[in-house]
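Since every read-out is calculated from the coordinates, none of them should be taken as a lab result. For clarity, every value in this text was computed on a predicted model and none was experimentally measured. FYI the Cβ positions are ideal-geometry reconstructions off the backbone, even for glycines, and counts take in every protein chain you see.
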Amino acid sequence: MAGSQFAYVRNFELPDPVLPNVYMVVRIDGKGFHRFSDAHDFAKPNDGRALELMNEAARHVVQALKPDVVLAFGESDEYSFLLRRSCSLYKRRASKILTQIVSLFTSAYVFCWSEIMGKQEELKYPPTFDGRLVAYPTAKEIRDYFAWRQADTHINNLYNTTFWALVHADNADGLGERRAHETLKGTVSSEKNEILFSRFGINYDKLEPMFRKGTTIVWGESTPEEEADAEEDAAAGAGEGPMKSQEKEKGNRSRGAPELRTLHVDIIGKEFWTAPSEQPGRRVEKAAQHGAHSEGTEAWQDPRRVSSYQGLGLRALER
Ligand SMILES: [Mg+2]
């Protein structure tokens with residue numbers, strides 16, 4: 001083949017490597033998810049199971065591309081994946097990395113649909129995602145990137161929560177959405193909080209952490225390489241079935257493997273990005289504060305998802 005008269009067309013394939021030693025972020029985004037969420041009756045403003053399906057698909061990506069994907073953050077129909085600076089996947093070819101992540105995420109989303117959404121929920125047509133890859137030179141831009149996405153989560157969620165409270169309360173004539181848009185036009189955060197509290201008795205800060213903070217997926221205390229070694233040791237036995245990242249999330253701590261953490265916590269402030277030793281006394285305080293959510297039964301209400309996350313962002317940057 002190499003010697004055929006047609007082989008010259010290969011020369012039209014131009015290389016597209018990303019600069020060495022910079023961070024890469026791939027952000028995927030649902031295409032036409034307004035229509036998709038309507039067609040599948042997703043609850044508004046937030047559908048917990050649909051968000052958990054996004055989380056599960058993201059866990060597949062992080063697991064499959066370890067140790068290169070070190071951190072992920074998701075909200076609504078989007079997910080961002082951080083690749084470590086030393087990543088040499090596909091010789092750092094942008095198109096290969098981007099398409100691999102988009103493809104893997106999409107197929108995992110479909111693969112896990114009935115497990116997360118329930119067997120009776122039919123997937124009515126194939127969902128699709130687009131993606132982009134952006135390179136960032138330093139840790140500062142990475143922290144700011146994830147802060148930007150989490151700030152966006154808050155802005156959107158506060159708006160949507162207020163919007164749908166108004167619509168659900170007053171939509172007898174089908175014009176509730178128009179009126180809600182009018183009511184909220186030009187309002188600032190404090191005004192939306194006030195509408196929620198005074199008219200609907202909703203304390204925004206008490207809403208599900210997953211809705212307010214989005215979802216952060218990050219490796220726990222030990223490194224992915226250590227886990228790969230531990231798995232190699234353990235995998236000598238029976239062939240494993242399809243990857244169950246939910247099971248892996250819970251982690252088999254007995255053999256000392258690191259775990260993949262799923263968190264709904266603040267990643268704008270210092271705590272996530274600062275080593276625990278530099279934050280005396282904060283660990284206990286934070287864990288106790290979040291104990292209020294421990295009554296929940298859904299996966300995203302697990303109290304472990306809002307505790308003991310100090311410094312995990314810093315570790316991700318250093319991997
Ligand atoms: Mg979208």
Legend entry - Identity of the residue in segment 72-96, assigned to a strand (DSSP E or B) and within 15 Å of Val22 (Cα to Cα), that ends up farthest from the ligand (Cβ to nearest atom): Arg93
Legend entry - Complete set of residues in segment 43-65 that are surrounded by fewer than 18 Cβ atoms within 10 Å (Cβ to Cβ) and in a loop (DSSP other than H, G, I, E, B): Ala43, Lys44, Asp47
Inset, instruction - For residues that are within 22 Å of Ile142 (Cα to Cα) and of a type in the set (A, V, I, L, M, F, W, C), scanning just segment 1-28, find the one that is farthest from the ligand (Cβ to nearest atom). - result: Leu19
Legend entry - Qualifying positions in segment 29-71 - more than 16 Å from the ligand (Cβ to nearest atom) and in contact with a strand residue (DSSP E or B) (Cβ under 7 Å, 6 or more places away or on another chain): Asn55, Arg59, Val61, Val62, Gln63, Asp68, Val69, Val70, Leu71
